[in-house]
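In what follows, a single structure is set out as structure tokens and then discussed.
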Amino acid sequence: MGLTIKEATVVSQAAIVGGALSGATFALFRKHPAGPPGAPLLDYGTALLLLPVLLLGTSVGRRPAASRCSQGGRTCEYVHRLVFDTLFA
């Protein structure tokens, strides 16, 4: 297509956001086929339960120290210990 890396990044991010928004909008108005009548397709309780973990993973993953995880650094061990001690304590 002849795009530079910066231009291609912008186009791909716009496509991802557009797809996510259209999928969420489509699912927002659908009803659950096996649930009680009128029940939404999305389980909002589960979504709210997973949101803090998602935000924590995004925060940890964007830090430069966390990128050393794949290079054998101790950061990966600390993150795993933090997550597993929090979830299974």
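Quick notes on this one:
- Amide H within-cut-off set for H32, under 5 Å, with H built and near neighbours excluded: A39, L41
- In order through region 28-36: 3J(HN,Hα) via Karplus (6.51 cos²θ - 1.76 cosθ + 1.60), integer Hz, x for Gly, Pro: 5, 9, 7, 9, 6, x, 10, x, x
- The chymotrypsin sites (Phe, Trp or Tyr not before Pro) of region 1-63 that DSSP puts in a loop, and whose beta carbon has at most 11 other beta carbons within 10 Å, are F29.
Values quoted throughout were computed directly from the atomic coordinates according to the rules given, and no laboratory measurement underlies them. Keep in mind that this is a model prediction, so the values were computed, not measured. Counting neighbours? That spans all protein chains shown, and the Cβs are built from the backbone with ideal geometry, glycine included.
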